[in-house]
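Structure, as structure tokens:
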Amino acid sequence: MVSVLSLGSNLGDRRAHLRAGLGVIASQVAVRAVSPLYETAPVGVTDQPAFLNCVAIVDTDDAMVAWSAARAAEETRGRSRSRRWGPRSLDVDVVAVDAVVRDDPVLTLPHPRAHERAFVLRPWLDLDPDAVVAGRGPVWRLLRSLPADGVTAVHW
């Protein structure tokens, strides 16, 4: 049983934020795999620096354990939630926990926009070519259905 986490950073030393965030996560749950890093344009609020993104697969089927590890990683890197989709030192989202579907004020699974985000789907596909977003379909198909310019904007 696994959880899929998406990590992104667009402030300061982006690689250091991702590496440190992964370290915090690994102190709470076993990290099974981490994708290569991808640089991506910001989504929503576009007047900010580009992001570095990756996906991690961790060993837990407990959604709240995954969520707690994600929040702890953000806090150690000084994450501020002052502006939705604004710049951030570290953003960690719980994308999926196995095939769990959950609509909860604290954590919705799968992540409500994961199926629309090439910066989540592309690195996830690197780790698991058979990955599925519950209720949406195979990651490879979702990625292929996105606008080409959004997919090509996600690069190593």
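The table below lists the values:
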| read-out | value |
| --- | --- |
| For the stretch 91-137, Kirkwood radius (reciprocal of mean inverse C-alpha pair distance, Å) | 11.0 |
| Mean residue ellipticity (222 nm) of the chain, computed from DSSP H runs ≥ 4 via -39,500 (n - 2.57), nearest 500 | -9500 deg cm²/dmol |
| Average Cα contact separation per residue, the stretch 3-152, under 8 Å, 6 or more apart, as relative contact order % | 27 |
| P(r) weight above 23 Å for the chain, C-alpha pairs, percent | 30 |
| Listed peptides 5-17, 137-149 by packing density, highest first (mean Cβ within 10 Å) | 5-17, 137-149 |
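Rule-based calculations on the coordinates, nothing more; no lab input. These numbers were taken from a predicted model, which means no experiment stands behind them. Don't worry about glycine lacking a Cβ; one is built from the backbone with ideal geometry, like all the others, and counts go over all protein chains shown.
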